[in-house]
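The structure appears below as structure tokens.
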2 protein chains.
Amino acid sequence: MPLALDEAQAAASRGEVPVGAVIVSPAGDVLAVAGNRTRELNDPTAHAEMLAIRAACTALGDERLVDCDLYVTLEPCPMCAAAISFARIRRLYYGANDPKGGGVEHGARIFSQPTCHHVPEVYSGLAEAEAGALLKTFFAARREG
Amino acid sequence: MPLALDEAQAAASRGEVPVGAVIVSPAGDVLAVAGNRTRELNDPTAHAEMLAIRAACTALGDERLVDCDLYVTLEPCPMCAAAISFARIRRLYYGANDPKGGGVEHGARIFSQPTCHHVPEVYSGLAEAEAGALLKTFFAARREG
């Protein structure tokens, strides 16, 4: 999770919403780290989790990340939660809750749908204070700017 | 929709689940056409809609596709439906229903969630027979193969 927080901080310094993600192999190796890059890439799908999943799949040469774990600083949105399911991520660890945009414990609750064919183990609240503080600082600065 | 069906057919010929998507500008110009490439790219996020959205955003140099319309042969999954919302697509036209994997009229029903901040107009059932036939033929051949 410290690596994911570093990526979130780096995203903020690029003017992106500060979210960072890390994917770890079953052996404990870091396969991918990514921060949000929707603005830089002009790509509304370029959330940290999506970029990390795509990079890890490229690294493994596989469209599934069986037994891999994903760490992300914010509750994934429905798009990312569905991608996490498609990628067969084993465990999802996340930081801050996102009542407005989250799709795990809020809104579409992707993993609770009967049409969700792979459900990861979910652990929330990791480094929640740090992850939430990064977001609060970022949005407060934007409101003032 | 004929263009989207062509893309779906092309996807099938590459061994991919036959789904095709097209994005059209407010002026009626085709901004992007794409077929499913999850296997070829080793990318579980490489659904036709996602690739089309990313290509159209690149073409416009914008992370939003305001007033653009998306045509796709199959009901979008929750990942794609959320991406369609993020991209601010104006109208979504789709062909076959997908009770097992869809996220518009089934499962997560992304656009019906109070946390969905942009809801496109949705028109379903366009070229439903052709789109559905492509999928049925593809999966029947795989079961026999």
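Please verify whether the stretch A:49-63 includes one or more residues that are farther than 20 Å from B:Thr38 by Cβ and either touching a Leu at 6+ places or on another chain (Cβ under 8 Å) or acidic (Asp, Glu) (or both).
no
Tell me yes or no: at least one residue of the stretch B:110-119 is under 13 Å from the mean Cα position of the chain (by Cα) and either small (Gly, Ala, Ser) or surrounded by 17 or more Cβ atoms within 10 Å (Cβ to Cβ) (or both). No, the stretch B:110-119 contains no residue that is under 13 Å from the mean Cα position of the chain (by Cα) and either small (Gly, Ala, Ser) or surrounded by 17 or more Cβ atoms within 10 Å (Cβ to Cβ) (or both). Looking at A:Thr115, is it modelled with pLDDT under 95 and either within 14 Å of another protein chain (Cβ to nearest Cβ) or touching a Leu at 6+ places or on another chain (Cβ under 9 Å) (or both)? When the stated conditions are applied, A:Thr115 passes them.
I need a count of the residues in the stretch A:80-97 that are touching a helix residue (DSSP H, G or I) at 6+ places or on another chain (Cβ under 9 Å) and either at pLDDT below 95 or more than 7 Å from chain B (Cβ to nearest Cβ) (or both).
Adding up the residues that qualify gives 11.
Scanning the stretch A:19-37 for residues that are crowded, with 21+ Cβ neighbours inside 10 Å and among the polar types (S, T, N, Q) returns a single hit, A:Asn36. The residues on offer are A:Glu16, A:Glu7, and the sole one that is more than 27 Å from A:His117 (Cβ to Cβ) and surrounded by fewer than 23 Cβ atoms within 10 Å (Cβ to Cβ) is A:Glu16. A:Lys136 satisfies every condition listed in (1) under 30 Å from B:Glu105 (Cβ atoms); (2) open to solvent by 70 Å² or more (accessible area, probe 1.4 Å) except (1). B:Gly107 fulfils the conditions (1) within 24 Å of A:Ile53 (Cβ to Cβ); (2) without any contact (Cβ under 8 Å) to a residue 12 or more places away in the chain except for a single criterion, (2).
Which one of these does A:Met1 not meet: (1) touching a Phe, Trp or Tyr at 6+ places or on another chain (Cβ under 7 Å); (2) open to solvent by 40 Å² or more (accessible area, probe 1.4 Å)? In the conditions (1) touching a Phe, Trp or Tyr at 6+ places or on another chain (Cβ under 7 Å); (2) open to solvent by 40 Å² or more (accessible area, probe 1.4 Å), A:Met1 misses (2) alone. Note on the stretch A:50-64: residues that are open to solvent by less than 10 Å² (accessible area, probe 1.4 Å) and in contact with a strand residue (DSSP E or B) (Cβ under 6 Å, 6 or more places away or on another chain) amount to 2. Cβ-Cβ distances below 6 Å connect the following pairs, each with a first residue in the stretch A:133-145 that is of a type outside the set (A, V, I, L, M), a second residue that is in a helix (DSSP H, G or I), and a separation of six or more residues or different chains: A:Phe138/A:Ala12. If only residues of the stretch B:38-47 that are out of contact with any helix residue (DSSP H, G or I) (no Cβ under 6 Å at 6 or more places or on another chain) and not polar (S, T, N, Q) are counted, the one that is least open to solvent (accessible area, probe 1.4 Å) is B:Ala46.
The values are calculated or read from the model by the stated rules, or taken from the named source; none is laboratory data. Predicted model, so just to flag it, every value in this text is computed and none were measured. Because the Cβ atoms are built from the backbone with ideal geometry, glycine has one as well, and the counts that use them run over all protein chains shown. The protein model used for the area step is the full one, side chains on, heavy atoms only, and it has no ligands, DNA or RNA in it. Shrake-Rupley method; radii C 1.70, N 1.55, O 1.52, S 1.80 Å.
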